[in-house]
Amino acid sequence: TPPIWLMRQAGRYLPEYRAVRATTRSFLDFCYTPDKAVEVTLQPIRRFGLDAAIIFSDILVVPDALGQKVWFEEGEGPKLEALTDPSQFGQLSRARLPDRLAPVYDAIRLARSALPADTALLGFAGAPFTLACYMIEGGGSRDFAKVKGWAYAHPESFALLIDLLVEAVVDHLTYQIEAGADAVQLFDSWAGVLPEEQLFSWSLDPLVRIAHAVRSRHPRTPIIAFPRAVGPAALMYRRPDAFAALSLDTGIGAHWAAKELQPHICVQGNLDPLMLVAGGVAMEREATRILDKLAHGSFVFNLGHGVVPQTPPDNVAHLVDIVRNWKPSVS
């Protein structure tokens, strides 16, 4: 049967996570406290026996480490002191990254030593375009008007920001691998807001540059790309020269992925997180359908996005059982 892990598997749906979170003043403090980050990284492994852990952190630790002010408002999500002019780029520096993010790398070392040898540990980072979205918008956005307006009207200065983020993400992933991460995932959560030409320039090309740089240092470490909501443009990302696997969001059909993507690259995904909330027969039917389509090839079972807070933990346990007990049909 295929391996299974879940994006955002360490999170608010687990009561044991909420108990640890309640002991920490802010979300960033939580990410930067190694013993607590390790504890919540291990919780879903203890409870569900998943095949991989993903280190508890956040993609916005990179802008924070570069020197941009980042904080989290309870119930509102991340907030950043937005970039409004290229002159502010001079205030951002990769030199701060190793010291500021040392707690993340310490957590990876501790988690790797605490995990069973046959359980993989994943590190991760946000992709440059997604990080740029948060850095320019100052948080989440409905229309991404600020970042797209900047990228369209001033592509030269936007390219400078993307270049800086490519270098910072390469550093961040390299430090995670050197600390003990067995594989890494790149989250391009907002790639789907870009039209095709800009998707290539601002999402795919930076991801490939990062992957090639990391692979030149650590050629045996798998890199998973997750360009969310790009639809059929996922064809552009089937790049085995760069990525070991391509993570699929819920909008990509398993039948199409089996035909168009899986012959070229391992795929990961893509159960709807809300199907995991619903559970029961509906979840069992959908998970089995995905397995029947994709588990005959190179495949990692996952969700199409992260576990949501209202997910019943018993449904996660049921999903793991479904995957573990799946058997290929005999034709």
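The values are calculated or read from the model by the stated rules, or taken from the named source; none is laboratory data. In this text, all values refer to a predicted model and were calculated from it rather than measured experimentally. Backbone-built Cβ (ideal geometry, glycine too); neighbour counts: all protein chains shown. Just the protein is used for accessible areas: all its heavy atoms, side chains included, with ligands, DNA and RNA removed. Shrake-Rupley method; radii C 1.70, N 1.55, O 1.52, S 1.80 Å.
Conditions tested, residue by residue: (1) touching a helix residue (DSSP H, G or I) at 6+ places or on another chain (Cβ under 8 Å); (2) under 20 Å from ASP58 (Cβ atoms); (3) open to solvent by 10 Å² or more (accessible area, probe 1.4 Å).
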{"residue": "ALA132", "(1), (2), (3)": "yes, yes, no"}
{"residue": "ILE136", "(1), (2), (3)": "yes, yes, no"}
{"residue": "SER141", "(1), (2), (3)": "yes, yes, yes"}
{"residue": "ALA151", "(1), (2), (3)": "yes, no, no"}
{"residue": "ALA168", "(1), (2), (3)": "yes, yes, no"}
{"residue": "ASP171", "(1), (2), (3)": "yes, yes, yes"}
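In region 25-41, of all residues being open to solvent by 20 Å² or more (accessible area, probe 1.4 Å) and closer than 29 Å to LEU319 by Cα, the one that is farthest from the chain's Cα centre (by Cα) corresponds to ASP35. When restricted to residues that are under 30 Å from PRO98 (Cβ atoms) and either surrounded by 17 or more Cβ atoms within 10 Å (Cβ to Cβ) or hydrophobic (A, V, I, L, M, F, W, C) (or both), region 153-166 contains 8.
Is it true that VAL281 is open to solvent by 20 Å² or more (accessible area, probe 1.4 Å), more than 16 Å from ILE4 (Cα to Cα), hydrophobic (A, V, I, L, M, F, W, C) and at pLDDT 95 or above?
Spelling it out, VAL281 is indeed open to solvent by 20 Å² or more (accessible area, probe 1.4 Å), more than 16 Å from ILE4 (Cα to Cα), hydrophobic (A, V, I, L, M, F, W, C) and at pLDDT 95 or above.
In this structure, TRP202 qualifies as more than 30 Å from ASN325 (Cβ to Cβ), part of a helix (DSSP H, G or I) and open to solvent by 20 Å² or more (accessible area, probe 1.4 Å).
The number of residues in region 318-331 that are surrounded by fewer than 13 Cβ atoms within 10 Å (Cβ to Cβ) and either touching a Leu at 6+ places or on another chain (Cβ under 9 Å) or among the aliphatic types (A, V, I, L, M) (or both) comes to 2. The residues of region 292-331 that are closer than 24 Å to ALA10 by Cβ and aliphatic (A, V, I, L, M), listed by number, are VAL300, LEU303, VAL307, VAL308, VAL316, ALA317, LEU319, VAL320, ILE322, VAL323. Close Cβ contacts (under 8 Å, 6 or more residues apart or on different chains) running from residues in region 87-99 that are over 13 Å from LYS69 (Cβ atoms) to residues that are open to solvent by 50 Å² or more (accessible area, probe 1.4 Å) and aliphatic (A, V, I, L, M) comprise PHE89/LEU160. PHE48 meets all of the listed conditions (1) open to solvent by less than 70 Å² (accessible area, probe 1.4 Å); (2) without any contact (Cβ under 8 Å) to a residue 12 or more places away in the chain but one, namely (2). Summed over region 90-106, residues that are exposed (fewer than 15 other Cβ atoms within 10 Å of the Cβ) and either modelled with pLDDT of 95 or more or touching a helix residue (DSSP H, G or I) at 6+ places or on another chain (Cβ under 8 Å) (or both) total 5.
Can you name the residue in region 184-199 that is of a type outside the set (A, V, I, L, M, F, W, C) and outside any strand (DSSP E or B) and is also least open to solvent (accessible area, probe 1.4 Å) among such residues? So, considering only residues that are of a type outside the set (A, V, I, L, M, F, W, C) and outside any strand (DSSP E or B), the one least open to solvent (accessible area, probe 1.4 Å) is SER189. Selection of region 213-238 for residues being in a helix (DSSP H, G or I), open to solvent by 50 Å² or more (accessible area, probe 1.4 Å) and not hydrophobic (A, V, I, L, M, F, W, C) yields ARG215, SER216, ARG217, PRO232. Only a single criterion out of (1) basic (Lys, Arg); (2) buried (at least 18 other Cβ atoms within 10 Å of the Cβ); (3) more than 15 Å from GLY306 (Cβ to Cβ) is not satisfied by ARG18, namely (2).
For ALA245, the conditions (1) out of contact with any Cys (no Cβ under 7 Å at 6 or more places or on another chain); (2) in contact (Cβ under 8 Å) with a residue 40 or more places away in the chain are fulfilled apart from (1). The numbered conditions (1) open to solvent by less than 10 Å² (accessible area, probe 1.4 Å); (2) touching a residue at least 60 places away in the same chain (Cβ under 8 Å); (3) touching a Pro at 6+ places or on another chain (Cβ under 8 Å) are all true for ASN302 except (3).
Look at (1) within 14 Å of ALA107 (Cα to Cα); (2) of a type outside the set (Phe, Trp, Tyr); (3) more than 19 Å from the chain's Cα centre (by Cα) and you find that LYS69 fails only one, number (1). Candidates in region 239-251 are the residues that are open to solvent by 10 Å² or more (accessible area, probe 1.4 Å) and in contact with a helix residue (DSSP H, G or I) (Cβ under 7 Å, 6 or more places away or on another chain); of these, the one that is farthest from ALA127 (Cα to Cα) is GLY251.
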